[in-house]
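For reference, the structure is listed below as structure tokens.
The values are calculated or read from the model by the stated rules, or taken from the named source; none is laboratory data. Because the structure is a prediction, the values reported are computed rather than measured. Please note: Cβ atoms are built from the backbone with ideal geometry, for glycine as well, and neighbour counts cover all protein chains shown. Please note that ligands, DNA and RNA were not included when accessible areas were found on the heavy atoms of the full protein model with its side chains. Shrake-Rupley method; radii C 1.70, N 1.55, O 1.52, S 1.80 Å.
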Amino acid sequence: MANKISVMVNGKQCTGEVEARTLLSDYLREDLSLTGTHIGCDTSSCGACTVHVNGKAIKSCTMLAVQVDGSEVTTVEGLSTNGSLHPIQEGFKEEHGLQCGFCTPGMMMMATDFLKSNPNPSEKEIREALEGNFCRCTGYHNIVKSIQHAAKKMQGVEA
Amino acid sequence: MRVKGKHEFNIPKQRLWEYLMDVEVLAKITPGISKLESLGEDHFKTHSQIKLGPVKSTFTGEMQVTNKQEPSSFQINMEQLSKIGNAHVVVQMNLEDLEEGKSALEFDGKANLSGVIARTGQRVLSGVANAITKDVFKALEEHIEEDNTLA
Amino acid sequence: MTKYIGKSVKRVEDKRFLTGQGKYTDDIKMPGMVYAYILRSPYAHATINSIDVEAASKADGVVAIFTGNDIPESIAGVPCGWQVDFKNGDTMKEPPHPLLVRKKVRHVGDGVAIVIANSKAQAKDASELVDVDYDIHDAVTDPKAAAQDGAPLVHEGVPNNMAFDWELGNPKEEVAAALASATHVTELDFVNQRMVPNAMEPRSAIGHYDTAYDKYTLYTSTQNPHLTRLLMCAFVLGLPEHKVRVVGPDVGGGFGSKIFHYAEEALVIWCSKQILKPIKWTCDRSEAFLTDAHGRDHVTNAKMGFDADGKIVALQAHTYANMGAYLSTFAPAVPTYLHGTLLQGLYTTPKINVDVTATFTHTNAVDAYRGAGRPEATYLLERLIDLAALEMDVDPAELRLKNFIAPFDGVEQEGYVTQVALQYDSGNYAPVLNKALEMVGYEAFREEQKNLSNGKLLGIGFSTYIEACGIAPSAVVGSLGARAGLFESAQVRVQPTGKVSVYSGSHSHGQGHETTFAQIVADRMGIALEDVEIIHGDSDSVAFGMGTYGSRSLAVGGSAIVKSIDKVLEKGAKIAAHLLEASSDDLEYEGGKWTVKGTDKSVGFGDVSLTAYVPHNYPEGLEPGLDFSSFYDPTNFTYPFGAHIAIVEIDKETGYTKLKRFIAVDDVGNVINPMIVDGQIHGGLAQGIGQAMHEGAIYDDTGQLINGSYMDYCMPRADDFPSFEIDRTVTPCPHNPLGVKGAGEAGAIGSTPAVVNAVIDALWKGGHKVKDIKMPLTPERVWTAMQD
């Protein structure tokens, strides 16, 4: 029943045994205690569990833990390095892009991947990119602004 | 959920009736049915596997044929239970002779669903039900043709 | 001097949420923890013949299984917190709401058994082996149909499913006479559809009985831990309150749905005592759809009469309110005291009568959802007045301006006394509408609307609303049936080094109390924001709390903090006077120090704090320490108001409706943190617009919730909205020390009718004189309305 997997999570090699049916989201939360990845639904609709697998944003409830064997996974806990906030985290703070904070990790993981492919998005493009992530607190208004803030900041940093 | 429709067959209604009352034929033409055990006259225990989009489940339940008015009408009462929800179905079947030795089967009924299948995707289920019904009649047509060719 | 108040101070709570370190209930793990899954009824109305748990008990990892029959008869179930009696004086019908059903299930999702296992997956697997034999009965789901003779009964002894009926305002005959004399009467039959609150964090509860201390701990996703403890201890389980700790850790949104005391909370506590292990229950989203108390669900007929000058002469409203299968904690208050009392609106209507019938149905319970009653009242009024403007061919903005109550500040001018039992605190209504009209560019819009030639229809809709917030004066609500007070408590504890810990009874689950409250404390005490910490949500550290709902945290909880600060500063002045060898009357406090007026002699807050705890050189007879608690009971509700305008564009071919612009001008009194207030408005708008255009729970006639998942229930997404255009006016509340009115619900209360009115306006301008389209305004419904 148990399957052995080895995954690089937030830069750390994690090895363990999982049931074949264990979802990546449950593996991160229950086995690795990385509870920043949230579970908001059971139909892969809400996006609260979004993480990066090999650099791409995916809803971790749509993948089995065994599928990420040998992969690199980044969760919200791995977003900031050396103690300073990632530009997307800074954007959410500056623009009040979060209230209860439950959807926030998924929003940020989605947005960082999105900004990689579209570093200078329009408001419309941001709103479309957010289609798969639900927020009930902010009406998305300040989330859009947060992503715009991060986009500017990231371009400035990279330029 | 309402199920309703009509299908024409190339045989008179008396012969259609005989096909419909044949347990083995029924088991053969209904998609997903793996087993049909008799529990008495016109009363069966059913085992079926049904796939609804991403959800697949095994249903077990009972089926009863009632109000038989040979060869014109009967009623099917079904209760199907599964892990993803239950279905209670009552369908009235009317057979009618048409011209040139053809006949029509008209059905009208209601399926009450509960559990996950009731609250997830029910709006698309009548489409699924219609597709299944079409499959049943197509299979019956094929069976009749095969049967007649053999004869 | 304010350094923080009125400024958009960035939130101090953000860091933990941004780094994945927020601690929600489901994030908590305890040694030896086991997991519960609740088996729920798949039927809306059925008798349980038998439950066989034998196979399930033998399944992998199963620790225990309990059914309704395992719970002692003495545990009746979860109580209702508000009593509204029948018009004829008969007591409200309040059938028991058991933790697990013993004999009869009354809605899909009613709990039948709790299965506890070593993992959630094992508990769920085992629950599928529990064999329940049901006899299925007919169900009723519509609140009006439920009251008719012959409807299936939800409870024995509740004829016509009526929980209570209720009436308020002027006598019906007077209202009828006024309507008869009116030159125009607008009448509307409409449904305010059932909403699913959908906080993003699914509900979760951990029950832990600690044998060493004989003490229970409940972690739960709640908006009010103390109220949950009180209800659970005193009315459900009969536990000693001092031996029960309830913690509401980080909570992922509530919107009303986490106010109430739920059966699962009492269940995990009771079960943990039986098996002596900590038990965690976290619901799936599908379970949340079935069991989180829903909102709205009113079926209404209303008439508004006008004289020849366009002045409103009377309003009559009849509403059937759906209670669901059981009375949830605040359910009876929602269609009555939070709805009927708001039907004066912003208008001078001289005759108003409202009549409400509350019925049980075979559906999940309905209770407060963001706005709670006030959105229903606003929808009623604002749909009527906009429709009347169309029918009478007058401008909807002018019609409102003509009927507004004249300005009053509640100090020089008395508060406005309504026909429906309230006295508004302060109001100045024309400026919000005028400001909104200016922002929208009203005249230019009407020109554009006339000259449209792109196959689309353009519409504009208004909503000018009032709400009663800052809930609420205890004696007033007590006389109206509340079984609790609605004050708030706060403790300001100055530490010896001058750092300040504030314990507030207002729980924060997204509202940013840890920032806003700290801004108040830092400014009033003249200290740095970093030197203040706001502690909330734990009944073992916070003295008491009534919790967070009804836009009350700042107006009531914030005022309690101010009271405690005043006490700290008063005592601090005595200590300072002693140290400065002056009279405390000669001191003034500013910038964190007491100064002898007219001199440069002063002593700082830190020195006074230290002296309070090291009282060597100390005023005679004064107690050491600097730590004060206060309870603040408001003298009135607060009455925020505002004007919302929606502009929609409809595709004539498909009925697809696009919300092009949304303008909101709100007056929530004084503002402590504009950034946070704006955020509250945005979120409220999205929920209100969501109701108008996207959302709505649908039960079929057998009582099945047929859109109980995110694949079926239309949650509003980012590209459903434009950027909101918002602004505000400030009319301070005259009766609380901060002058604040509350901002949490405004967006949800005002926005819904503005959107529907805009669609109706567009259709009239396109030649389709329809009075109503059922919400949500799906393309199909809008298209159908254009085919007549």
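Quick check: is even one residue across segment C:369-389 surrounded by fewer than 24 Cβ atoms within 10 Å (Cβ to Cβ), more than 30 Å from C:Gln680 (Cα to Cα) and either of a type in the set (Phe, Trp, Tyr) or free of Cβ contacts under 8 Å to residues at least 40 places away in the same chain (or both)? Looking for residues that are surrounded by fewer than 24 Cβ atoms within 10 Å (Cβ to Cβ), more than 30 Å from C:Gln680 (Cα to Cα) and either of a type in the set (Phe, Trp, Tyr) or free of Cβ contacts under 8 Å to residues at least 40 places away in the same chain (or both), one finds at least one in segment C:369-389, hence yes.
Determine which member of the set C:Ala64, C:Ala56, C:Ala36, C:Ala44 is surrounded by fewer than 21 Cβ atoms within 10 Å (Cβ to Cβ) and more than 13 Å from chain A (Cβ to nearest Cβ). Spell out the reasoning first.
Working: C:Ala56 fails: surrounded by fewer than 21 Cβ atoms within 10 Å (Cβ to Cβ); C:Ala36 fails: surrounded by fewer than 21 Cβ atoms within 10 Å (Cβ to Cβ); C:Ala44 fails: surrounded by fewer than 21 Cβ atoms within 10 Å (Cβ to Cβ).
Checking each option against the conditions leaves just C:Ala64.
One line per residue, one yes/no per condition, for (1) within 23 Å of the chain's Cα centre (by Cα); (2) touching a residue at least 40 places away in the same chain (Cβ under 8 Å); (3) in a helix (DSSP H, G or I):
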| residue | (1), (2), (3) |
| --- | --- |
| C:Ala664 | yes, yes, no |
| C:Gly684 | yes, yes, yes |
| C:Thr702 | no, yes, no |
| C:Met711 | no, no, no |
| C:Pro722 | no, yes, no |
| C:Ala743 | yes, yes, no |
| C:Gly750 | yes, yes, yes |
| C:Pro753 | yes, yes, yes |
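In segment C:439-449, which residue that is part of a helix (DSSP H, G or I) and free of Cβ contacts under 8 Å to residues at least 40 places away in the same chain is least open to solvent (accessible area, probe 1.4 Å)? It comes out as C:Arg446. In summary, A:Ala48 fulfils each of the numbered conditions (1) more than 10 Å from chain C (Cβ to nearest Cβ); (2) among the aliphatic types (A, V, I, L, M); (3) open to solvent by less than 40 Å² (accessible area, probe 1.4 Å) with the single exception of condition (1). Being open to solvent by 10 Å² or more (accessible area, probe 1.4 Å), more than 22 Å from C:Arg296 (Cβ to Cβ) and in a loop (DSSP other than H, G, I, E, B) holds for only one residue in C:Tyr209, C:Tyr213, C:Tyr219, and it is C:Tyr213. Selection over segment C:481-507 of residues that are open to solvent by 10 Å² or more (accessible area, probe 1.4 Å) and on the phi < 0 side of the Ramachandran plot gives a count of 13.
Within segment A:112-134, the set of residues being in a helix (DSSP H, G or I) and surrounded by fewer than 14 Cβ atoms within 10 Å (Cβ to Cβ) comprises A:Lys116, A:Ser117, A:Lys124, A:Glu131. Inclusion of C:Val175 among residues that are closer than 30 Å to A:Phe134 by Cβ, away from chain A (no Cβ under 14 Å) and either modelled with pLDDT under 95 or surrounded by 15 or more Cβ atoms within 10 Å (Cβ to Cβ) (or both) is not warranted.
Would you be able to say whether some residue in segment A:33-41 is assigned to a strand (DSSP E or B), touching a helix residue (DSSP H, G or I) at 6+ places or on another chain (Cβ under 8 Å) and without any contact (Cβ under 8 Å) to a residue 60 or more places away in the chain? Please lay out each step first, then the result.
Our first condition is that a residue be assigned to a strand (DSSP E or B); within segment A:33-41, this holds for none.
Looking for residues that are assigned to a strand (DSSP E or B), touching a helix residue (DSSP H, G or I) at 6+ places or on another chain (Cβ under 8 Å) and without any contact (Cβ under 8 Å) to a residue 60 or more places away in the chain, one finds none in segment A:33-41, hence no.
Identification of strands (runs of 3 or more DSSP E) wholly contained in segment B:73-151 with 1 or more residues that are surrounded by 15 or more Cβ atoms within 10 Å (Cβ to Cβ) and touching a residue at least 60 places away in the same chain (Cβ under 8 Å) yields B:86-97, B:103-114. From the list C:Thr19, C:Thr25, the lone residue that is in the same structural domain as C:Glu287 (by TED's automatic domain parsing), of a type in the set (Val, Ile, Thr) and closer than 25 Å to A:Thr74 by Cβ is C:Thr19.
If only residues of segment A:102-155 that are of a type in the set (Val, Ile, Thr) and within 12 Å of chain C (Cβ to nearest Cβ) are counted, the one that is farthest from C:Arg16 (Cα to Cα) is A:Ile126.
Among the residues of segment C:69-93, those that are among the small types (Gly, Ala, Ser) and surrounded by fewer than 21 Cβ atoms within 10 Å (Cβ to Cβ) comprise C:Ser74, C:Ala76, C:Gly77, C:Gly89.
Sort through A:Leu85, A:Leu98 and tell me the only one that's within 10 Å of chain C (Cβ to nearest Cβ), of a type outside the set (Asp, Glu) and without any contact (Cβ under 8 Å) to a residue 24 or more places away in the chain.
Numbers: A:Leu98 fails: without any contact (Cβ under 8 Å) to a residue 24 or more places away in the chain.
Matching residue, one of A:Leu85, A:Leu98: A:Leu85.
Just so you know, in segment A:20-45 the residues that are surrounded by fewer than 16 Cβ atoms within 10 Å (Cβ to Cβ) and at the interface with another protein chain (Cβ under 8 Å from one of its Cβ atoms) include one that is farthest from C:Arg203 (Cα to Cα), and it is A:Arg21.
Checking each residue in segment C:670-706 for being within 14 Å of chain B (Cβ to nearest Cβ) and either buried (at least 24 other Cβ atoms within 10 Å of the Cβ) or among the aliphatic types (A, V, I, L, M) (or both) picks out C:Ala697, C:Ile698, C:Tyr699, C:Gly703, C:Gln704, C:Leu705, C:Ile706. Selection over segment A:135-157 of residues that are hydroxyl-bearing (Ser, Thr, Tyr) and assigned to a helix (DSSP H, G or I) gives a count of 1.
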